[in-house]
1. For the chain, give the percent of accessible area contributed by carbon and sulfur heavy atoms, probe 1.4 Å, rounded to a whole number.
2. Which distance in Å, rounded to a whole number, links the C-alpha centroids of the range 245-261 and the range 1-23?
3. Sequence-distant or interchain residues sharing an amide H contact under 5 Å with His171, placed H: which?
4. Excluding ligands, DNA and RNA, what is the solvent-accessible area per residue of the chain at a probe of 1.4 Å, expressed in Å²?
5. What's the angle, to the nearest 10 degrees (0 to 90), between helix 309-323's Cα axis and the longest principal axis of the chain?
6. Nearest 5 percent is fine: what portion of the DSSP beta bridges confined to the range 4-200 is antiparallel?
7. Just tell me which lysines come within less than 19 Å, Cα to Cα, of Lys242; anything on the same chain fewer than 8 places away is out.
8. Give me the net charge for the shell around Ala288: Cβ to Cβ below 13 angstrom, other residues only, Lys and Arg +1, Asp and Glu -1.
Amino acid sequence: MSSLKEIKEEILKSKRIGLSFHTSPDGDAIGSTLALLNALRHLGKDSYIISRDVISDNLSFLSFANEIDGNTLEPKEGTDLVIILDCGNVERISADLSNYKGKVINIDHHISNEEYGFINYVDVSAAATCEISYLLAEELGIDFKNKTDVEINIGSAVYTGIVTDTGSFRHSNVTKRTHKIVSELIELGVNNSKVHSNLFDNKPFEKVKLMGCVLSNIELALENKVAVLEIPKGMLEEFNLKNTDTSDIISVGLGIKGVEVSMLLKEVEDGVKGSLRSKNDVDVRKVAEVYGGGGHIKAAGVMQKGVDIETAKENLLKILKEELK
Ligand SMILES: [Mn+2]
């Protein structure tokens, strides 16, 4: 793995820097990127967001979140460095780099990372890419003891990614370092309660009704060890929620006594998007990888193209059956 110092040196000698993340960005992708953007702007660096995705409502409170508007799809003229955060492979980047000839730095924590950068900083022990953004900001000279708006804005973004990627500190990816960084964020004055409220107590009414609809059709499979949740084609439109993040619905399945794996299947234009969460020992990344997906041991995702929701479900259950033995 490269060092944060190397990344700092590349940043300092770059003239124009574009930042991007994985498609359908979550709190960690957005948080780690906006933390770095705030730090770069503070250093006076010409830096901007490249994204085909639009910021989701519950993350719009973060500083510069409004710049994630889906309007800049590829690097701007004169860009000599692109930094990708929280994204394991090139296909998932929310930016079109096909015409870009400059350098790419890859900062991530996914074990399946394909090291596609000129510098790859992949720390699989980080609970969130936001942990790395925090350390990189320090490396870049941000002093979190200063407690001005700049540090608090960076800190709030970092806290957001840590909270969302750890399931509010409940997942086994949480380490001593996670809590150490968070303790420094609280000392700095990051309002943890306000961040939680923004993230989780901010659902559109229609979203709660959608959750009700999905939950009323929940099924158990493989001797009640797997919960299956489905969002068939048209359901999101029915509730007027086409661009809403639905990944949080999956955790309800994991809350069921005896369930080891929760699976959410979402029918999209060209196939079925599957999300998998594991409670204990089942490695759902292995299951996702069989169909070209990836992620972490306890949280993974996979896109199955050209199949219907029933086939996608049977495919994943077949692999899961082996894993549950
Ligand atoms: Mn992440």
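1. 48
2. Each part's Cα centre sits 36 Å from the other's.
3. none
4. With the other protein chains kept in place, the chain gives 46 Å² per residue.
5. In the chain, helix 309-323 runs at an angle near 80 degrees to the longest axis.
6. Approximately 10 percent, going by the DSSP bridge assignments.
7. The qualifying lysines are Lys203, Lys207, Lys209, Lys233, Lys266, Lys273.
8. +3
The values are calculated or read from the model by the stated rules, or taken from the named source; none is laboratory data. Predicted model only: the values in this text are computed from it and were never measured. Heads up, the Cβs are rebuilt from the backbone with ideal geometry, glycines too, and the neighbour counts pull from every protein chain shown. Accessible surface is based on the protein model in full, side chains and every heavy atom, while ligands, DNA and RNA are left aside. Shrake-Rupley method; radii C 1.70, N 1.55, O 1.52, S 1.80 Å.
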